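Taking it in order: structure first as structure tokens, then the write-up.
The values are calculated or read from the model by the stated rules, or taken from the named source; none is laboratory data. Not measured: the values here are computed from a predicted model. Note: ideal-geometry Cβ built from the backbone for every residue, glycine included; neighbour counts use all protein chains shown.
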Amino acid sequence: MPLNGGGIVKKVFNPTVWLTVFVIVGTLGFLSGVFDPEAAATDTWGAGNVLEHDATYELALQFAFLAFPLMALFTLIFIPGRQVRARILTAITIGFLVLPISFVSVFLSNGGEGNGLEFWIPFTIILATLLFISGLSNWNADSRSNVPSSE
């Protein structure tokens, strides 16, 4: 059920702002693993448990995560309207949560150490919660808001 927040909630949780935050944070997260996939593999699996192909898998995982900030960026550029952006943001958030949950499950069930998860899991949950609130609080927004004037 969408949140029926007042003016302050709509301002704080403007989907355009949160899509922008997500593009920036998601891109920075992507870049961190792309520049040093060997370190990402060592952090994930542990120093003595890294196989030859693990760095390649970590790099592929980074590109999989890049899909979400790219969807957000394309939404910002090509999709006008607060309501539509809010609904797309909600869908992106659900997908954004499914991917890390599945990968963390794989890592932990296959002997991965998951160093850094104590930071990334809460960070991901907090970010996804804020994105989700933004989407839901604007679910029924005036579809004409945030649309450039044709005049």
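With the checklist (1) over 30 Å from ALA141 (Cα atoms); (2) in contact with a helix residue (DSSP H, G or I) (Cβ under 6 Å, 6 or more places away or on another chain); (3) hydroxyl-bearing (Ser, Thr, Tyr) in hand, flag the one item SER105 doesn't pass.
(2)
Which is surrounded by fewer than 19 Cβ atoms within 10 Å (Cβ to Cβ) and outside any helix (DSSP H, G or I), of GLU38, GLU52?
When all the criteria are applied, what remains is GLU52.
Determine the pairs where a residue that is free of Cβ contacts under 8 Å to residues at least 40 places away in the same chain and closer than 15 Å to LEU89 by Cβ, located within region 52-73, has a partner that is of a type in the set (Val, Ile, Thr) and buried (at least 17 other Cβ atoms within 10 Å of the Cβ) with Cβ atoms under 8 Å apart, the partner being 6 or more residues away or on another chain.
Listed pairs, sorted by first residue: MET71/ILE88; MET71/ILE92.
Could you tell me which of the residues GLY33, GLY29 is closer than 21 Å to PHE123 by Cα, touching a Phe, Trp or Tyr at 6+ places or on another chain (Cβ under 7 Å) and modelled with pLDDT under 90?
Working: GLY33 fails: touching a Phe, Trp or Tyr at 6+ places or on another chain (Cβ under 7 Å).
It is GLY29.
What about THR56, is it of a type in the set (Ser, Thr, Tyr), within 18 Å of the chain's Cα centre (by Cα) and at pLDDT 80 or above?
Working: of a type in the set (Ser, Thr, Tyr): yes; within 18 Å of the chain's Cα centre (by Cα): no; at pLDDT 80 or above: yes.
Taking the combined requirement at face value, the residue does not satisfy it.
Out of (1) surrounded by 14 or more Cβ atoms within 10 Å (Cβ to Cβ); (2) under 28 Å from VAL17 (Cα atoms); (3) at pLDDT 85 or above; (4) of a type outside the set (S, T, N, Q), the odd one out for PHE74 is which?
Of (1) surrounded by 14 or more Cβ atoms within 10 Å (Cβ to Cβ); (2) under 28 Å from VAL17 (Cα atoms); (3) at pLDDT 85 or above; (4) of a type outside the set (S, T, N, Q), only one is false for PHE74: (1).
Output the number of residues of region 58-98 satisfying the condition of being of a type outside the set (Val, Ile, Thr) and farther than 17 Å from ALA141 by Cβ.
The initial filter retains those residues of region 58-98 that are of a type outside the set (Val, Ile, Thr), namely 58-74, 76, 78, 80-83, 85-87, 89, 91, 95-97.
Of the ones still in play, those that are also farther than 17 Å from ALA141 by Cβ are 58-74, 78, 95-97.
Total satisfying the criteria: 21.
Within region 63-91, work out how many residues are within 16 Å of LEU28 (Cβ to Cβ) and touching a Ser or Thr at 6+ places or on another chain (Cβ under 6 Å).
Of the residues in region 63-91, 1 are within 16 Å of LEU28 (Cβ to Cβ) and touching a Ser or Thr at 6+ places or on another chain (Cβ under 6 Å).
Would you mind telling me which numbered condition in (1) over 17 Å from VAL23 (Cβ atoms); (2) at pLDDT 85 or above PRO100 fails?
Result: PRO100 fails condition (2) only.
In region 121-139, which residues are modelled with pLDDT of 90 or more and either of a type in the set (Gly, Ala, Ser) or over 12 Å from ARG85 (Cβ atoms) (or both)? Before you say what the answer is, go through the steps one by one.
Filtering region 121-139 for residues modelled with pLDDT of 90 or more gives 126-139.
Residues satisfying the conditions are ILE126, LEU127, ALA128, THR129, LEU130, PHE132, ILE133, SER134, GLY135, LEU136, SER137.
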